[in-house]
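The values are calculated or read from the model by the stated rules, or taken from the named source; none is laboratory data. The model shown is predicted, which means the values in this text are computed figures rather than measured ones. With ideal geometry, Cβ positions are generated from the backbone for all residues, glycine too; neighbour counts draw on all protein chains shown. Please note that ligands, DNA and RNA were not included when accessible areas were found on the heavy atoms of the full protein model with its side chains. Shrake-Rupley method; radii C 1.70, N 1.55, O 1.52, S 1.80 Å.
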Amino acid sequence: MPNPLPALIVVDVQRAFDEWETAGKRRNNPDAVARIVDLLTAFRAHGAPIFHIRHEGTKPNSSFLPSRSGYAVKNQAREAPGEAVIVKHVNSAFIGTDLESRLRAGNITTLVICGATTNHCVETTTRMAGNLGFDARLVRDATWTFERIGPDGDTHSAEEIHAMTLSNLNGEFARIVTTHEVIASLEAVRQ
């Protein structure tokens, strides 16, 4: 029987992204971590499952190597005792991990996905969740990305990249939702 509560999937809320900002990379959604904290608080209050995804780099210069300061999770988004921590080495939280088997074992069918960055690990994890048959919901105000220079040399703003990623995923791979909508749906399950 499916679990009536969704699982929260918190992707890569690690200090490496703070280091990127300090180095001058511009991001969108400055309140995203505060929204992730709101989601963590609500899921914990409802006893809903939470999975923390942590990226571990494999290249010698990666900011995400366990020996580097960027590997650490931002303090406000740290796991609580008993919450699952899953370490990944690629963009998807489903590749090379036991995330899918844990979700299936818990009869979890709905996933609420948040974290960093919108167009990399969050997008890849969301696409795979949809492809694997999960009811995926991507929280638009609880994820963020950085500006990038495309192969044509044009600069693409973080806002443009975020909006395009949400557009690409919407409907086919996931429902795009807000933190408020997720918390309201948790309250409705409780009724």
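Mind counting the residues in region 117-156 that are out of contact with any helix residue (DSSP H, G or I) (no Cβ under 8 Å at 6 or more places or on another chain) and open to solvent by 30 Å² or more (accessible area, probe 1.4 Å)?
Within region 117-156, residues that are out of contact with any helix residue (DSSP H, G or I) (no Cβ under 8 Å at 6 or more places or on another chain) and open to solvent by 30 Å² or more (accessible area, probe 1.4 Å) number 13.
Among strands (runs of 3 or more DSSP E) lying entirely in region 54-166, which contain 3 or more residues that are touching a residue at least 60 places away in the same chain (Cβ under 8 Å) and under 18 Å from Val33 (Cβ atoms)?
Passing ranges, in order: 110-116, 135-144.
Would you mention how many residues in region 164-178 are open to solvent by 30 Å² or more (accessible area, probe 1.4 Å) and closer than 15 Å to Gly115 by Cα?
2
Select from region 46-68 the residues that are open to solvent by less than 30 Å² (accessible area, probe 1.4 Å) and of a type in the set (A, V, I, L, M) and write down the one among them that is nearest to Glu160 (Cα to Cα).
Ile53
Can you tell me how many residues within region 30-45 are open to solvent by 30 Å² or more (accessible area, probe 1.4 Å) and either under 19 Å from Phe146 (Cα atoms) or part of a loop (DSSP other than H, G, I, E, B) (or both)?
As a first pass, look at region 30-45 and keep what is open to solvent by 30 Å² or more (accessible area, probe 1.4 Å): 30-31, 34-35, 37-38, 41, 44-45.
In the following step, the residues that additionally are either under 19 Å from Phe146 (Cα atoms) or part of a loop (DSSP other than H, G, I, E, B) (or both) were identified as 30-31, 34-35.
Adding up the residues that qualify gives 4.
Is it true that some residue in region 58-67 is modelled with pLDDT under 95, farther than 19 Å from Thr179 by Cβ and touching a Leu at 6+ places or on another chain (Cβ under 9 Å)?
Within region 58-67, one or more residues are modelled with pLDDT under 95, farther than 19 Å from Thr179 by Cβ and touching a Leu at 6+ places or on another chain (Cβ under 9 Å).
Taking the condition of being farther than 17 Å from Ala32 by Cβ and in a loop (DSSP other than H, G, I, E, B), how many residues in region 167-180 meet it?
Qualifying residue count for the region: 3.
Among the residues of region 9-29, write down those that are among the hydrophobic types (A, V, I, L, M, F, W, C) and either buried (at least 22 other Cβ atoms within 10 Å of the Cβ) or part of a strand (DSSP E or B) (or both).
Applying the first criterion (among the hydrophobic types (A, V, I, L, M, F, W, C)) to region 9-29 yields 9-11, 13, 16-17, 20, 23.
Passing the criteria: Ile9, Val10, Val11, Val13, Phe17.
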